[in-house]
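Here is the structure we will look at.
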Amino acid sequence: MKLGVNIDHVATLRQARGTVYPDPLDAAILCARAGAHGITAHLREDRRHIQDDDIYRLKELQPLPLNLEMANVESIVEIALSVRPAEVCLVPEKRQELTTEGGLDVIGHFNHLKETVQCLTEAGIEVSMFVDADEITLAACKDLGAPTVELHTGAYCDAEPNDRPVLLEQLIRGADYAHELGLKVNAGHGINIENLGGILCVPHLDTLNIGHSIICRSVFHGLETSIKEMLIGMLEYNG
Ligand SMILES: CC(=O)[C@@H](O)[C@H](O)COP(=O)(O)O
Ligand SMILES: NCC(=O)COP(=O)(O)O
């Protein structure tokens with residue numbers, strides 16, 4: 001299983017003061033040195049952390065494949081087509097949210113999403129859909145022609161211990177079903193070194209995308225150490 005490191009919150013720190021540091025590009029270079037397999041960055045419509053220029057530099061100036069997270073809006077799709085990251089992960093976005101809440105409503109926006117999936121795929125970009133682990137939504141992702149899904153792990157990761165077993169079971173069933181459909185299965189949101197153990201019970205995972213907890217731990221432990229610690233935790237995964 002691979003680790004994609006989301007470096008959004010390096011940019012959050014930079015934007016807090018309007019400085020040029022810390023630079024998410026420097027973070028990505030350190031991620032590569034620490035053994036991460038990919039870089040994830042979310043270009044939000046409100047540009048609260050990652051900026052357009054970051055995305056171009058992350059594509060060109062660091063060695064790892066770039067997974068660009070973005071809402072399905074025309075202006076951002078244009079940027080994706082110009083940058084051509086290895087992967088685009090389509091995510092829902094609400095302007096006032098603190099972070100992504102829930103997965104994409106694939107059925108409600110089916111036609112618009114289908115158009116975007118087609119256009120990104122034709123440009124040679126792997127398209128992933130950030131979704132909750134329910135079977136109807138996963139089947140709709142397959143119908144859209146997206147090759148990959150990222151299961152939203154936030155509800156499980158943020159839940160009280162007593163509520164976790166049911167949510168973990170949903171993730172396990174969702175991963176099994178997506179795999180049966182022939183979809184590549186990633187997972188992400190809210191994963192940290194403490195809740196990683198449960199995530200390791202989810203089968204068929206290709207990549208975990210982890211950001212906030214790694215960047216937070218890096219304040220005290222350093223970025224390379226925090227990534228290596230996560231990679232060591234992930235070694236126990238046996239699919
Ligand atoms: C889509 C997702 O789960 C994360 O990438 C998250 O969106 C990170 O960015 P924010 O912390 O701005 O929500
Ligand atoms: N898609 C999930 C992601 O990239 C990282 O989410 P988080 O670890 O910052 O919650």
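The values are calculated or read from the model by the stated rules, or taken from the named source; none is laboratory data. Owing to the predicted nature of the structure, the values given are computational and were not obtained by experimental measurement. As a convention, Cβ positions derive from the backbone with ideal geometry for all residues, glycine included, and neighbour counts pool all protein chains shown. Side chains are part of the model used for accessible areas, which takes the heavy atoms of the whole protein and leaves out ligands, DNA and RNA. Shrake-Rupley method; radii C 1.70, N 1.55, O 1.52, S 1.80 Å.
Residues of segment 56-100 that are open to solvent by 50 Å² or more (accessible area, probe 1.4 Å), over 25 Å from TYR21 (Cβ atoms) and of a type in the set (S, T, N, Q): SER75, SER82, GLN96. Taking segment 81-104 as the range and being within 16 Å of ligand 1 (Cβ to nearest atom) and not in a loop (DSSP other than H, G, I, E, B) as the test, the residues that pass are GLU87, VAL88, CYS89, LEU90. Among the residues of segment 37-55, just one is polar (S, T, N, Q) and either open to solvent by less than 10 Å² (accessible area, probe 1.4 Å) or touching a Ser or Thr at 6+ places or on another chain (Cβ under 8 Å) (or both), namely THR40. Here ALA34 passes the criteria (1) touching a residue at least 60 places away in the same chain (Cβ under 8 Å); (2) open to solvent by 20 Å² or more (accessible area, probe 1.4 Å) except the one numbered (2).
When segment 219-239 is filtered for residues that are open to solvent by 30 Å² or more (accessible area, probe 1.4 Å) and either of a type in the set (D, E, K, R) or touching a helix residue (DSSP H, G or I) at 6+ places or on another chain (Cβ under 8 Å) (or both), the ones remaining, listed by number, are HIS221, GLU224, THR225, LYS228, GLU229, LEU231, GLU236. TYR156 - would you say it is of a type in the set (Phe, Trp, Tyr), within 16 Å of ligand 1 (Cβ to nearest atom) and either touching a Phe, Trp or Tyr at 6+ places or on another chain (Cβ under 9 Å) or open to solvent by 10 Å² or more (accessible area, probe 1.4 Å) (or both)? Against the criterion (of a type in the set (Phe, Trp, Tyr), within 16 Å of ligand 1 (Cβ to nearest atom) and either touching a Phe, Trp or Tyr at 6+ places or on another chain (Cβ under 9 Å) or open to solvent by 10 Å² or more (accessible area, probe 1.4 Å) (or both)), TYR156 qualifies.
Does PRO147 satisfy the condition of being under 20 Å from the mean Cα position of the chain (by Cα) and open to solvent by 20 Å² or more (accessible area, probe 1.4 Å)? Considered against the rule, which asks whether it is under 20 Å from the mean Cα position of the chain (by Cα) and open to solvent by 20 Å² or more (accessible area, probe 1.4 Å), PRO147 comes out as yes. Given the criteria at pLDDT below 95 and more than 14 Å from ligand 2 (Cβ to nearest atom), does ARG95 qualify? In short, yes. I need a count of the residues in segment 172-192 that are within 16 Å of ligand 2 (Cβ to nearest atom), within 15 Å of ALA155 (Cβ to Cβ) and either of a type in the set (A, V, I, L, M) or open to solvent by less than 10 Å² (accessible area, probe 1.4 Å) (or both). Counting residues in segment 172-192 that are within 16 Å of ligand 2 (Cβ to nearest atom), within 15 Å of ALA155 (Cβ to Cβ) and either of a type in the set (A, V, I, L, M) or open to solvent by less than 10 Å² (accessible area, probe 1.4 Å) (or both) gives 5.
Taking the criterion of being touching an Asp or Glu at 6+ places or on another chain (Cβ under 8 Å), of a type outside the set (Gly, Ala, Ser) and buried (at least 22 other Cβ atoms within 10 Å of the Cβ), the residues of segment 7-31 that qualify are VAL10, PRO24.
With respect to LEU235, determine if the residue is over 16 Å from the mean Cα position of the chain (by Cα) and of a type outside the set (Val, Ile, Thr). Against the criterion (over 16 Å from the mean Cα position of the chain (by Cα) and of a type outside the set (Val, Ile, Thr)), LEU235 qualifies.
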